[in-house]
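Notes for the one structure printed next.
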């Protein structure tokens, strides 16, 4: 499934790298695009559930998931 995730608390390239490093290491998560405040990822929920993905984003720094939508 392809997700667009809105992320609050991101302000710079360091934030982008922190989130990319954290979620990019999860099995079944492909980071398609990541910018300040938004991620587009391909997610295989049989390997990583959405809840685990969102927890990883929160643990990457002082970030939160403001919302998401399934796209494509």
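Under the 0.36 nm per residue contour assumption, what length would be gained going from the current alpha-carbon distance of residue 36 and residue 2 to full extension?
Result for the pair: 10.4 nm of gain on full extension.
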With a cut-off of 8 Å between alpha carbons and a minimum separation of six or more residues, what is the relative contact order of the chain in percent? 47 percent
By how many degrees, between 0 and 90 and to the nearest 10, does the Cα long axis of helix 13-24 differ from the longest principal axis of the chain? 20 degrees
Label residue 25 and residue 71 with points 7 Å out from Cα along Cα→Cβ: what is the distance between them in nm? 2.6 nm
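Which number do you get for Rg(Cα) / (2.2 N^0.38 Å) in the chain?
0.95
Per the helix-only calculation at 222 nm, which mean residue ellipticity applies to the chain, given -39500 (n - 2.57) for every DSSP H run of n ≥ 4 and division by its residues, nearest 500 deg cm²/dmol? Write down the numbers at each step before the final one.
On the way: 2 runs with 22 residues, N = 72.
Computed ellipticity for the chain at 222 nm equals -9000 deg cm²/dmol.
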Tell me the angle of helix 50-59 to the major Cα principal axis of the chain, expressed in degrees between 0 and 90 and rounded to the nearest ten. 20 degrees
Just the Cα atoms of the range 33-72: what Rg and Dmax do they give in Å? 10.3, 29
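Each value in this text was obtained by applying a stated rule to the coordinates, not by laboratory testing. Remember, it's a predicted structure, so these values are computed and weren't measured experimentally. Note that we place each Cβ from the backbone using ideal geometry, even for glycine, and neighbour counts take in every protein chain shown.
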